[in-house]
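Q: Here's a structure for you.
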Amino acid sequence: MSLSDYDRILLDRCLQGSPRAWEDFVDRFLGLMIHVANHTAQGRGLTLDPADRDDLVAEVFLKLLENNLIVLRRFRRQCSLATFLAVVARRVVLRRLVSDKRFLDLPHQFDPQTSSSANGPLTSHGVAVDPETRIDDRDHVEQLLLRL
């Protein structure tokens, strides 16, 4: 899917610092960010409470605001803005979930797909895999899929 005219105009308004542009941007993509945070946590077998979910979503928006909107300025406009933002949000959320000990204490749901040993998740062959490697590999695969 390509960048819609509405999203192109909204993005341009944000990058130009137009009045209310950021508020309109947040209104448009808040639901997507909430969905990505919930889905990413569920993929790691975590259940987020609303406060933790809101913290993760806020962190994504803060990342987008950093360095004069550098992440948004780097958007190549070769896919939909929602797709690009979902990938960015997923990466931010994953990094936070992996690095923040607070999330290790959240209730986990058993998922046979993500069974793990003391050394990390297990592959289908029963070999422990470093979680950071899995995240990097998955991000690389997502980048390749976006190119398609």
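Q: Pairs only if they're at least six apart or on different chains, beta carbon under 9 angstrom, first in segment 1-14 and closer than 14 Å to ARG73 by Cα and at pLDDT 95 or above, second part of a helix (DSSP H, G or I) and among the polar types (S, T, N, Q); list them, first residue then second.
A: none
Q: Pick from ASP49, ASP55: which is out of contact with any helix residue (DSSP H, G or I) (no Cβ under 7 Å at 6 or more places or on another chain), at pLDDT 95 or above, on the phi < 0 side of the Ramachandran plot and among the acidic types (Asp, Glu)?
A: Step by step, each of ASP49, ASP55 is checked, and only ASP55 is out of contact with any helix residue (DSSP H, G or I) (no Cβ under 7 Å at 6 or more places or on another chain), at pLDDT 95 or above, on the phi < 0 side of the Ramachandran plot and among the acidic types (Asp, Glu).
Q: Please determine whether any residue of segment 30-44 is within 24 Å of ILE9 (Cα to Cα), at pLDDT 95 or above and loosely packed, with under 12 Cβ neighbours inside 10 Å.
A: yes
Q: With segment 1-86 as the region, which helices (runs of 4 or more DSSP H) entirely inside it contain at least 1 residues that are β-branched (Val, Ile, Thr) and farther than 26 Å from VAL98 by Cα?
A: Where helices (runs of 4 or more DSSP H) fall fully within segment 1-86 and carry at least 1 residues being β-branched (Val, Ile, Thr) and farther than 26 Å from VAL98 by Cα, they are 5-16.
The values are calculated or read from the model by the stated rules, or taken from the named source; none is laboratory data. Source: prediction; values computed, not measured. Here Cβ is always computed from backbone atoms with ideal geometry, including for glycine, and neighbour counts include all displayed protein chains.
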